[in-house]
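J.: One structure follows; several queries about it will come next.
The values are calculated or read from the model by the stated rules, or taken from the named source; none is laboratory data. All values reported here derive from a predicted model rather than from experimental measurement. Heads up, the Cβs are rebuilt from the backbone with ideal geometry, glycines too, and the neighbour counts pull from every protein chain shown.
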Amino acid sequence: MVSVTLDGLTKSFSRSGVVVDRMNLRIEEGEFFTLLGPSGCGKSTTLRMIAGFEEPDSGHILFNDRDVTYMPANRRDVGLVFQNYALFPHMSVAGNVAFGLTVRKIRGAVAEERIRQVLAQVHLTEQADARVDELSGGQQQRVALARALVYRPQLLLLDEPMSNLDAKLRLETRGALRNLHAETGITSIYVTHDQAEALAMSTRVAVMNTAEVHQVGTPADVYERPSTRFVATFLGRNNIFDGVVTEVAGDVVSVRLGDGSTIQGSASRTSPGLPLAPGNAVGVTIRAETIRPASQTDTQNVVSGTVTDVEYVGATLSCELETPIGAVLLDLIGAGIRPTLGDRLSVLLSAASIYFVTAEPAP
Amino acid sequence: MTTATTSPDVGLETTNAVYKRPSWFRRRFNVIATLTVLLVVLFGYVIGPMIATVRRSLSTDPIDTIGVSFHAWGDFFLSNAQRDAIAGSISLAILSVIAAGLLGTGVAVLLTRWEFPGRGFCQVLALLPIALPPLMGVWAFKLLFGVGGRIPFALHEWLGVAAKDLWLQGLAGVLIVHAMTMYPYFFLTVSAALMSADVSLEEASYSMGASRARTWLRVILPMLTPAVVAGALITFMSSMASYTAPLLFQYTNVMTQQIVIAKSDGDMRLASIIATTLAVISIVFLAVIRSYEQRNIYRTQSKGGGRARSTVTSPLARAVITLIAIPLTLVLILPIIMILVLSVTAKGGWLATILPTQYTLEWYAQMFSGSEFWRPVMNSLLMSLLAVGGAIVLGAGAAYIMSRLKFRGKVALDIAIMLPWALPGTVVAINLITAFSDPSPFAAGRVLVGTFAIVPLAYFVRFNPLVFRSSFASWSQLDPNLEDAARSLGATWWYTFRKVVLPLVSRGIMAGALLAFVDGVGEFVASVVLYTPQWVPLSIEINNQNYQGNIGTGAVYGMIQVALVLGVLIVTRRMGTRELAVAVPAT
């Protein structure tokens, strides 16, 4: 197994400009590490540089202590799973899987045994002699995985491998991938724009936007303690209101919002390094699933508004309220109340759920 | 894979080699090397000869290249005969577009839109004229429709009209050849457009209350426009380049004829001037076609579900459509039938009758009579093989670079590669004569004109764009991720090329190469200007035999060509290449 260090990695293309900007990351041995971000944020380019298909303009890539920045792709000993799988259409399932072994001069009984094993691992024993275009999308994805794992590479790279699967299959595959990683312990780097996948599978996640890494941390870190405004809004369904700090009394922070009302939060729940002094502009965030209908006794942090949108999605009821502080998104889980369009509703933005991030940069 | 110790097929012998950032030159070496070869060949055999022709057109002397003067150009534009030839070529091209367009679009709509008995068979037959051998085909037209032709004779017998009045000569003769050989340009594109047209658009039109006529006018026909325009542009270019039909129907009022007449008169300067003018017109059309191709073509936006063909329910309408479609299709394949009949007609066995009176197999018996008969066939096979071999190396190689690499000047290179496709064969021949009638560094310091090499070189120049195009299509269809996948699995570039790339693209490349190959075997236009008596190409031999009255021999040669083309079409279909590439204008 191997650890991967990205040291000041920078890459620009003539058309799209800088796509990866001075990136520093260290992926530990055996980690399942995810690069998460919207499309065009540079995550796939980073992966292609690690795989050896793109040369960085500057910076270095290290596998353990070895500098592989300019090592040809075919010498890096990585396994790569492509978004479109890139299976060789003129070879059978077994032929595809055997490719990496043949190239490594592993053949005969040893190779057959390895192929048999890996196909069993991905539940494709029956399909060994099938043509790859006869397989379903999920099966093709597993062939791609088997092909990348069979020669036991020191590093597994996955480039949005599930984006072509339907929702149900994606859930199944998520679990299967997690198990496979637990079994093999192989250092894995996973690229996705799907936050659910990132949170569900990763040891750690790097959240990227426009060529920069915004935060690196465990799934809980990035979801619960976002370090930038982007991370706060990119993950989950979050509300964000801009305001100005009016008072800091011990742990209690008061913020005046746009409509003149005051909302209170906890000084311990802020992005690292955010200055919370009176007069400072801040962004007040609160996740949709933490908002509850207000009770009679609630006085502070209560907003009232009109229900402008209701979406029933099974497990939750997603509503949108039009309030004086702006639109408020909330997800009601078994709350017992079923608001309908036009209802008046008071909700509690609990101080314990409020999280402070940087204010919107001046335009 | 057997050279285990030295082969770099294994990417993973864990060495401690240190990989430094490759130098600017190392990183670009492959591109630079391949581009250099490509540019040298393009310059030496395509661009250079064009420049040579322009140079010669500016000579003060009609035969040798001396000094610079625009006098001859002035005379050219002032000459009534030459101005007439330019106008003649252009008006012929416009008429050809109209005639072939009406025929091709009509046949396409007839055979695609409605279901009737024998439709599938008609569709196959309607494509058969693609297999018409270029020179013998025009001869068949001449013997069918020309002076003393069988069709006027038959009409005379049946309807009592004077056969003489029905003989097609000059422009009319050329036009019928063009209509019946160029309609596939429309037939193929329009059929394809009709098949892939989104049926839901039509249904939307009806559901919004539009009448059938309105739907045709406002929805269906506009969707066909790109296909029709594409067909029209290619037909226009082919007609401008047409040489054989004007030759056999003795219509000299076109530029291609004037070039060869000037050349036979020994006035290479005038030949060069006309060739340059014709080249400029062709290049302008190439540019128009390119820019048109880059615009959007209406594609189906909905998933699944092919075109629902309307079944004609009314028995009357059904009978009418069948009665139009089947005879029309038969007329289209008449020239091929004519060649077949000629190949079994005894000498003097077809005089004042609609059908021959004496049949014979003696023409076919020549096939077994010795090597003399096969000589021109072998010559053409050899020359075409050499040309296509070169085109596979250069055209397919260029296609790989163009589809995979990014570099400045790519568009210019693409135009330079495709240029000869736009040039009439006559112009290519004149270019090669002006460039290689003196010792040239691109001919190892020798004179190529009058040697064996000049004809395969001309074929190479003409067919390289065809091989390039079909190869480019195959390369573009190849997912670049497959190469990356193989590399990341540990394969070297060469191993990837052999085991992944080649198996996937070779069929497409071979399909294009085979079509170019059969085109080369029947090539007449450049051959007639360039051939040497020691190496007579097939088409020249056919022409000679026909003029000597041995039309049966020409017809047998023609049938061999038909068999060759059909064989190649079947093979390329088998290879799974769906697109039926329409070859360069060969008439």
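J.: Taking the stated definitions as given, is A:Gly52 closer than 12 Å to B:Ala485 by Cα, at the interface with chain B (Cβ under 10 Å from one of its Cβ atoms), without any contact (Cβ under 8 Å) to a residue 60 or more places away in the chain and buried (at least 21 other Cβ atoms within 10 Å of the Cβ)?
T.: The answer is yes for A:Gly52.
J.: Moving on to the next point. Out of all the residues in the range B:130-149, which are part of a helix (DSSP H, G or I) and either of a type in the set (Ser, Thr, Tyr) or at pLDDT below 80 (or both)?
T.: Hits for the range B:130-149 are B:Ile130, B:Ala131.
J.: I would also like to ask the following. Could you list all residues from the range B:29-68 that are within 14 Å of another protein chain (Cβ to nearest Cβ) and touching a Pro at 6+ places or on another chain (Cβ under 9 Å)?
T.: Of everything in the range B:29-68, nothing turns out to be within 14 Å of another protein chain (Cβ to nearest Cβ) and touching a Pro at 6+ places or on another chain (Cβ under 9 Å).
J.: Still on this structure: Being within 14 Å of another protein chain (Cβ to nearest Cβ) and not charged (D, E, K, R) narrows it down to one of B:Leu504, B:Leu514, B:Leu564, B:Leu538, so name that one.
T.: Among B:Leu504, B:Leu514, B:Leu564, B:Leu538, only B:Leu504 is within 14 Å of another protein chain (Cβ to nearest Cβ) and not charged (D, E, K, R).
J.: With the checklist (1) modelled with pLDDT of 85 or more; (2) over 23 Å from B:Pro133 (Cα atoms); (3) surrounded by 16 or more Cβ atoms within 10 Å (Cβ to Cβ); (4) not basic (Lys, Arg) in hand, flag the one item B:Ala210 doesn't pass.
T.: Failing condition for B:Ala210: (1).
J.: What do you reckon, is A:Phe32 within 14 Å of chain B (Cβ to nearest Cβ) and surrounded by 21 or more Cβ atoms within 10 Å (Cβ to Cβ)?
T.: no
J.: Examine the range B:506-514 for a residue that is surrounded by fewer than 24 Cβ atoms within 10 Å (Cβ to Cβ), touching a Phe, Trp or Tyr at 6+ places or on another chain (Cβ under 6 Å) and part of a helix (DSSP H, G or I), and state whether such a residue exists.
T.: Scanning the range B:506-514, I find no residue that is surrounded by fewer than 24 Cβ atoms within 10 Å (Cβ to Cβ), touching a Phe, Trp or Tyr at 6+ places or on another chain (Cβ under 6 Å) and part of a helix (DSSP H, G or I), so the answer is no.
J.: Can you list the helices (runs of 4 or more DSSP H) found entirely within the range B:198-252 that contain at least 1 residues being over 20 Å from the mean Cα position of the chain (by Cα), without any contact (Cβ under 8 Å) to a residue 12 or more places away in the chain and closer than 27 Å to B:Val177 by Cα?
T.: Counting at least 1 such residues, we get B:221-241.
J.: Among residues belonging to the range A:271-288 that are farther than 10 Å from A:Val244 by Cα and out of contact with any Leu (no Cβ under 6 Å at 6 or more places or on another chain), point out the one that is surrounded by the most Cβ atoms within 10 Å (Cβ to Cβ).
T.: A:Thr285
J.: Let me ask something else about it. Within the range B:1-102, considering only helices (runs of 4 or more DSSP H) that don't extend past its boundaries, which have at least 2 residues that are among the β-branched types (Val, Ile, Thr) and either modelled with pLDDT under 80 or surrounded by 12 or more Cβ atoms within 10 Å (Cβ to Cβ) (or both)?
T.: Hits in the range B:1-102: B:24-42, B:48-57.
Yes/no per residue for (1) surrounded by fewer than 18 Cβ atoms within 10 Å (Cβ to Cβ); (2) more than 24 Å from B:Pro480 (Cα to Cα):
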residue: A:Ser39; (1), (2): yes, no
residue: A:Arg75; (1), (2): no, no
residue: A:Val78; (1), (2): no, no
residue: A:Ala109; (1), (2): yes, yes
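J.: Right, here's the next one. Considering only helices (runs of 4 or more DSSP H) fully contained in the range B:306-425, which possess at least 1 residues that are within 24 Å of B:Ala131 (Cβ to Cβ)?
T.: Answer list for the range B:306-425: B:315-332, B:334-343, B:362-365, B:371-391, B:410-422.
J.: Which one of these does B:Val46 not meet: (1) under 26 Å from B:Val461 (Cβ atoms); (2) touching a Lys or Arg at 6+ places or on another chain (Cβ under 9 Å)?
T.: (2)
J.: Against the conditions (1) out of contact with any His (no Cβ under 9 Å at 6 or more places or on another chain); (2) surrounded by 18 or more Cβ atoms within 10 Å (Cβ to Cβ); (3) within 14 Å of another protein chain (Cβ to nearest Cβ), where does B:Arg498 fall short? Just the number, please.
T.: Only one criterion in (1) out of contact with any His (no Cβ under 9 Å at 6 or more places or on another chain); (2) surrounded by 18 or more Cβ atoms within 10 Å (Cβ to Cβ); (3) within 14 Å of another protein chain (Cβ to nearest Cβ) is unmet by B:Arg498, namely (2).
J.: Right, A:Arg76: among the charged types (D, E, K, R), under 19 Å from A:Tyr190 (Cα atoms) and within 8 Å of another protein chain (Cβ to nearest Cβ) or not?
T.: yes
J.: Can you tell which of A:Val205, A:Val118, A:Val143 is within 14 Å of another protein chain (Cβ to nearest Cβ), β-branched (Val, Ile, Thr) and in contact with a Phe, Trp or Tyr (Cβ under 9 Å, 6 or more places away or on another chain)?
T.: On inspection, the qualifying residue turns out to be A:Val143.
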